[in-house]
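Read the structure below first, then the notes.
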């Protein structure tokens, strides 16, 4: 009897909780999908329908409904449909308040859209749900930093280092805190530690340069400015990264490939560009990027194949003609190179890079009259030419 | 009794909005009321051509030298040759084709009223207009106009009597590319205004690819899909002809997708330098080498990228000594989700990105900023900030409301606290209009001693915000003219209010975005009833000082007296 009562009580309390949490759910602001790609529309609509069915079904458990909201939120989030994503995460976290994923992603979304008060609140709850997720204190630190609350930023980044003493993002954050406080030596120490862990993060060199400037060390300033680039530091964040895998089509691997290429990780870039080609075989952009990367890896034949395919798909792509011409010119196939350069120049008559290479190839092919005419027209430096007999 | 006490406390904390109390309006919008009726046309066809959302600007300048500010407003047009203006997404409904318009201010006849004098002015601005720059290129005391377009630019010489002549060809100042902002300044101190023209992107309707947002819907391309065409520097030879010195001056060495330009003496060496705000590329700080050449020092100076080393979408830019330390600081507006940048000049053109320390970080994330300027709206002696906003991406809330042009965002006013930081003023209805603002220009349109604001909106009306509060403090109005009677752009003014309070201002028409500002210097002096001295460093390098300059009125200071 005692057990029976306990079970009944549990059922009642669950029902009460369930009704209460469902009552608090917000109406999801459905996005306008009329102008998005068909495959994306189908992907999103399918999940919207699943959620609608789950909501209507009285047998759906809180956990299952939270999952449906969360999954739809992730898809919205992946496609930057921010407001509906937020509504979904909010509902998911109301239904499953102990599920770290939804609280965390909601906070991350708030951070991304600049709602820092909400984000701070969310990350604090997320931290109480899961202490070992290093992205939480790093995100907190970054928000405090942006709010210029330097002490709290420092405490958060330090907390991240307690979880992972070599965490590059935490060191970078501490470096930024120190730089803001004009504690240049401390900033340098943290930025150096960042680069030790993430050597490809060449944007850190700029921060290092500014710190050395504060110390008056002009030589080091110049040395680091010469190395600075566009690759930054980010904390490992499996939950957020997983969103990218939900995106259909070529764009994600293209973006990843570009980042890898900029960081000179050519093998990784090639892999991403191959994925982009696989996702959209008729993408000239994907093929040009793959071609450029393959040529960096020394695969001239593979590169030429991609450029040729890109030209077949889009004959008006100047870059494809130009890049293919460079490969052909390197192989002393001057006439073939000239043909592609002429195509490129016809597409963009003012492109001096194309004109310059064409002039040089015409000279090499002994087509002096054409070379001189071109060099004059484009105001290029005249190169000595020996006509072929 | 306890209950009564609680009720009283509740009553005391009812917010002013509930009780109907509002703070006094800082600005009153009067454009249509005073005859400044202008509707911008962007030629939008649904093909997502980048120029559609980029323009346009306007200028406040006294073309007839009658002592009040007139106005030129830049107009767009169609982008494709066979498109009729009446058939685009937002059809043109004007009685004649879209055209930039000149308005004469008749304030000196007794009342702030603008009259459209375009037809008789001789200005035929029917290209796809972007911006306007103002400067007296022939030292005749009459301000001339340079109009930047998507396509051929135009130089209009002010002949007096309200007439302008197109001297683009004779002056050699055309640039057929997509030009945006431009600046007149005397870089070689020869007494003639030179011209720098900023170019944006190598765009044609034929080479414009299809671009997509992250949700895969069609969207505007970033400028980076188009080649950066490079800027152009023209040297004024003093005989009505300009020479293209872009290459010999060294400013061709770095490229960027340029949108904003401002000129100032950043390193206090007496020679005017150039700062260019680029969209998605590093900004440039062209330091004047005093020999006709420039070197881009932006990266080393700490003003090329944000504090994290990231390039951002630089749009508008302005310069002012906001912290009163005697150096010119730089403010650049950016895209939503980026933050605008405040580069604080520590002296000798060494800059630090102190945006968040100055309280400008978070407020800038919410909107996409374009036109901007430092000005002292309340005449308390500290330079405040105005930012004109308007998105370049669809605003979901406006899409849901079925807004046909869902890019509108409010504009922003930031009050300088006098302690190195700013506070956003949130409760001003005139700033809350959801419009797609681009250009913004500042000037005392009604000559009442406080700074008014002209905002130009893409696919929307021009707005004239008359300042309602500034002249509650005291002020000093100065017009700095050279021996020829020309406004001496680049002159540096120091108003010595007390031994410990020296206000540094500069004579300029450039800055902001696609726009031209009042060349007069309006200096707020708070509760002070007089100033000890006014020192002027003329662009040629000489320094003069005036005592007993009257407050609460405009005074003309002439070089060499």
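The values are calculated or read from the model by the stated rules, or taken from the named source; none is laboratory data. Just so it is clear, the model here is predicted, and its values are computed rather than measured. Quick reminder, even Gly has a Cβ in these numbers, built from the backbone with ideal geometry, and neighbours come from all protein chains shown.
Some observations on this one:
- The listed residue being surrounded by fewer than 19 Cβ atoms within 10 Å (Cβ to Cβ), within 22 Å of residue A:134 (Cβ to Cβ), within 14 Å of chain B (Cβ to nearest Cβ) and without any contact (Cβ under 8 Å) to a residue 60 or more places away in the chain, out of A:152, A:192, A:162: A:152
For every residue, the table says whether it meets (1) in contact (Cβ under 8 Å) with a residue 60 or more places away in the chain; (2) within 13 Å of chain B (Cβ to nearest Cβ).
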position	(1), (2)
A:237	yes, no
A:259	no, no
A:263	yes, no
A:274	no, no
A:283	no, yes
A:287	no, no
A:293	no, no
A:299	no, no
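- Inclusion of residue A:85 among residues that are surrounded by 19 or more Cβ atoms within 10 Å (Cβ to Cβ), without any contact (Cβ under 8 Å) to a residue 40 or more places away in the chain and within 12 Å of chain B (Cβ to nearest Cβ) is warranted.
- Selection count where residues are part of a loop (DSSP other than H, G, I, E, B), within 10 Å of chain B (Cβ to nearest Cβ) and surrounded by 14 or more Cβ atoms within 10 Å (Cβ to Cβ), scope region A:33-77: 4
- Of all the residues in region A:314-335, those that are modelled with pLDDT of 90 or more and either under 21 Å from residue A:256 (Cβ atoms) or in a helix (DSSP H, G or I) (or both) number 13.
- Among residues of region B:202-225 being within 25 Å of residue B:133 (Cα to Cα) and within 14 Å of chain A (Cβ to nearest Cβ), the one that is surrounded by the fewest Cβ atoms within 10 Å (Cβ to Cβ) is B:204.
- Residues that are closer than 21 Å to residue A:306 by Cα and crowded, with 19+ Cβ neighbours inside 10 Å do not occur anywhere in region A:366-373.
- Members of region B:355-383 found to be more than 22 Å from residue A:118 (Cβ to Cβ), within 12 Å of another protein chain (Cβ to nearest Cβ) and surrounded by fewer than 22 Cβ atoms within 10 Å (Cβ to Cβ), listed by number: B:357
Results for (1) crowded, with 24+ Cβ neighbours inside 10 Å; (2) more than 22 Å from the chain's Cα centre (by Cα), shown as yes or no for each residue.
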residue	(1), (2)
B:82	no, yes
B:89	no, yes
B:115	no, yes
B:144	yes, no
B:157	no, no
B:163	no, yes
B:168	no, yes
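- When residues of region B:331-346 are limited to those that are touching a residue at least 24 places away in the same chain (Cβ under 8 Å) and part of a loop (DSSP other than H, G, I, E, B), the one surrounded by the fewest Cβ atoms within 10 Å (Cβ to Cβ): B:337
- Yes/no for residue B:350 being touching a helix residue (DSSP H, G or I) at 6+ places or on another chain (Cβ under 7 Å), under 20 Å from residue A:148 (Cα atoms) and within 14 Å of chain A (Cβ to nearest Cβ): no
- Filter result (part of a helix (DSSP H, G or I), more than 9 Å from chain B (Cβ to nearest Cβ) and touching a helix residue (DSSP H, G or I) at 6+ places or on another chain (Cβ under 6 Å)) within region A:222-235: A:224, A:227
- Here A:162, A:250, A:219, A:186 are screened, and the one residue that is on the phi < 0 side of the Ramachandran plot, in contact with a helix residue (DSSP H, G or I) (Cβ under 8 Å, 6 or more places away or on another chain) and at pLDDT 95 or above is A:186.
- Residue A:200 vs. criteria more than 13 Å from every other protein chain (Cβ to nearest Cβ), touching a residue at least 60 places away in the same chain (Cβ under 8 Å) and surrounded by fewer than 23 Cβ atoms within 10 Å (Cβ to Cβ): yes
- Applying the set (1) more than 27 Å from the chain's Cα centre (by Cα); (2) farther than 29 Å from residue A:216 by Cβ; (3) not in a helix (DSSP H, G or I) to residue A:152 leaves exactly one unmet item: (3).
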